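Notes follow once the structure below has been shown.
The values are calculated or read from the model by the stated rules, or taken from the named source; none is laboratory data. A quick note: this is a predicted structure, and the numbers were derived from the prediction, not measured. We place every Cβ from the backbone using ideal geometry, glycine too, and count neighbours over all the protein chains shown. The accessibility values were calculated without ligands, DNA or RNA, using every heavy atom of the protein model including side chains. Shrake-Rupley method; radii C 1.70, N 1.55, O 1.52, S 1.80 Å.
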Amino acid sequence: MGRVNEPSFRESVDLMFNRAVALMDLPPGLEEKIRVCNSTYTVRFGVRLRGQIQTFTGYRSVHSEHMEPVKGGIRYALSVNQDEVEALAALMTYKCALVEAPFGGSKGGLRIDPRQYDEHELELITRRFAYELAKRDLIHPSQNVPAPDMGTGEREMAWIADQYARMNTTDINAKACVTGKPLNAGGISGRVEATGRGVQYALREFFRDPRDIEKAGLTGTLDGKRIIVQGLGNVGYHAAKFLSEEDGARIVGIIEHDGALYNADGLDVEAVRGWIVKHGGVTGFPDATHSIDGAACLEEKCDILIPAAMEGVIHMGNAKRIKAPLIIEAANGPVTAGADEILRKKGTVIIPDMYANAGGVTVSYFEWVKNLSHIRFGRMQRRQEEARHQLVVDELEKLSKAAAIPYTLSPEFKQKYLRGADELELVRSGLDDTMRISYQSMRDIWHDRADVEDLRTAAYLASITKVAASYRAKGL
Ligand code: GLU
């Protein structure tokens, strides 16, 4: 972002918000109240590392407290700045409202290149940052619940949870102070891949309606669709993996920090991921053409483009040249407001970030509920469910024997039907349901209202309506 003549990330989000509220009938005061970011806390703290004190700058921004706790990840990157966390916090407000996760919006960031530090140093830095936030209730099970984002993952969340627990020794709900924790530290099955899974479920729902497929100028199903993914981090990797392994899509391009891989016959996502882990980048990967200019690959021909890395990668400078008829924003803010306008005029369909990547916060919501209820999902019901299914199977077999019907239930059917759902299956079912229902709420607005041109505006309309209703219920 920060390109000449383009608004900043936060301004870009505000412009998109403004386009939507222009179509609504909100009192102007409420419109302003929803748009603005409530507060941003900046902290500078020192950590003694390698014999000297190093100073770090971090932020936690709270966009809207119409529901509490507020929710949103913590990002570790050198590019972190106040404008960015405020934009991301605003997107969290709209995202949570759209998918009905009962949270306000927040986001945090630490200006750091995590690759420059070893694990022990990162732990010291993370604990100190968590301490600074927790002592101001900016990490708190009922006030503000962080999660992973770019540059952070399960490991950092476990440190944050432990730091909070040390500072709040009698808080029985301490684990609910952060989500995205490892399973053994109070996490939930399926959280790591949740955002990528959500992207897959979103595309499946898109392809269920012939009108939507037609709007993008596509035909058929996900099977055989050519996909280019930018960023093979947690989100991009899981989305690409599931779409290629389970839906028959072909990942023809993968863009990383050191260039792009292209193979018209499809890339082996697992093999590329393994190569990146081993060599630090995609350079040298066999079975593909490598080009140093990664961004140029965004402009290659394909059916679906999945930007899953950073904000602002599709901007006014390259939007005209993007050929994909369908873009799904797995990252937050990958398309600038200016680029959005260019693409809209071209007829490109964009499945917007606040919906497309909401799988992460949706499963975070399930994890938070799990922590507050102190019990794993499915623990009470699973065997009871199995016993009831067994009753049906036994009865059917008895009946067919008595009636001398030469038919028996197949062992595959029995195995599938008899198994009660475990936590992972329940999480997937809850995520699938959330992604379907929230897509449908956008789709209805998109198709029914003549003044709504695109899914992004539809998403803003659906979510702002909900935020406004909460404020009104509070008497504002
Ligand atoms: N950082 C993720 C996001 O941008 C997840 C947030 C969460 O789980 O709270 O949506």
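Peptides 186-198, 159-171, 370-382 ranked from most to least packed, by the mean per-residue count of other Cβ atoms within 10 Å: 186-198, 159-171, 370-382.
Bridging of Lys398 to lysines at a Cα separation below 27 Å is possible for Lys414, Lys416, once same-chain residues fewer than 8 apart are set aside.
From Cα pairs below 8 angstrom and at least 6 apart in sequence, can you work out the relative contact order of the stretch 240-390, rounded to a whole percent?
Values: 203 pairs, mean separation 21.9, N = 151.
Normalised by residue count, the contact order of the stretch 240-390 is 15 percent.
With every protein chain present, what is the per residue accessible area of the stretch 1-77 (1.4 Å probe, Å²)? About 47 Å² of surface per residue is accessible. Take the residue pairs Lys215/Lys323; Lys33/Lys474; Lys107/Lys278; Lys370/Lys474 and return only those whose Cα atoms are more than 25 Å apart. Result: Lys107/Lys278; Lys370/Lys474 exceed 25 Å. The helix-based estimate of mean residue ellipticity at 222 nm for the chain, built from -39,500 (n - 2.57) per DSSP H run of four or more residues and divided by its residue count, is -14500 deg cm²/dmol to the nearest 500. Using θ = phi - 60° in the Karplus curve 6.51 cos²θ - 1.76 cosθ + 1.60, the 3J(HN,Hα) couplings for the stretch 28-37 round to x, x, 6, 4, 5, 4, 6, 5, 6, 8 Hz; x is entered for Gly and Pro.
Taking the Cα centre of the chain as origin, sum charge times position over the Cβ atoms of Lys and Arg (+1) and Asp and Glu (-1), and report the length of that vector in debye to the nearest 20. Don't skip to the answer; put the middle values down first.
Values: 61 positive and 65 negative charges, 169 e Å.
That gives the chain a dipole magnitude of about 820 debye.
Starting from one equal scatterer on each C-alpha and no solvent at all, send me the Debye-based log10 I(q)/I(0) for the stretch 225-365 at q = 0.14 Å⁻¹, two decimals. Relative scattering, expressed as log10 I(q)/I(0), comes to -0.59. For the stretch 21-107, applying the loop criterion from DSSP together with a ceiling of 16 other beta carbons within 10 Å to the trypsin sites (Lys or Arg not before Pro) yields Arg50.
Using only alpha carbon positions, build the gyration tensor of the stretch 1-138, then give the equivalent ellipsoid semi-axes as the square roots of 5 times its eigenvalues, largest first, whole angstrom.
Equivalent ellipsoid semi-axes, largest first: 32, 17, 11 Å.
Bridges between two residues of the stretch 250-344, per DSSP, are antiparallel at a rate of about 70%.
3J(HN,Hα) along the stretch 216-226, derived from phi through the Karplus expression 6.51 cos²θ - 1.76 cosθ + 1.60 where θ = phi - 60°, amounts to 8, x, 9, 9, x, 10, 5, 4, x, 5, 8 Hz, with x in place of Gly and Pro. Here the accessible area is traced with a 1.4 Å probe on the protein chains. For the stretch 294-404, carbon and sulfur cover 57 percent of it.
Summary value for the stretch 101-241: 17 percent relative contact order, contacts being C-alpha pairs under 8 angstrom separated by 6+ residues.
Length gain on complete extension for the stretch Glu386 to Val369, per 0.36 nm per residue less the alpha carbon to alpha carbon distance?
Values: separation 17, 0.36 × 17 = 6.12 nm, distance 2.44 nm.
Net length gain for the segment: 3.7 nm.
If the Kirkwood radius is taken over C-alpha pairs of the chain, then at 25 °C and 0.890 mPa s the Stokes-Einstein diffusion coefficient equals 104 µm²/s. Peptide packing for 221-228, 355-362 was compared via the average number of neighbouring C-beta atoms within 10 Å per residue; ordered from the highest value, the list is 355-362, 221-228. The alpha-carbon of Lys320 sits under 14 angstrom from the alpha-carbons of these aspartates and glutamates, leaving out residues fewer than 8 places away in its chain: Glu299, Glu300, Asp340, Glu341.
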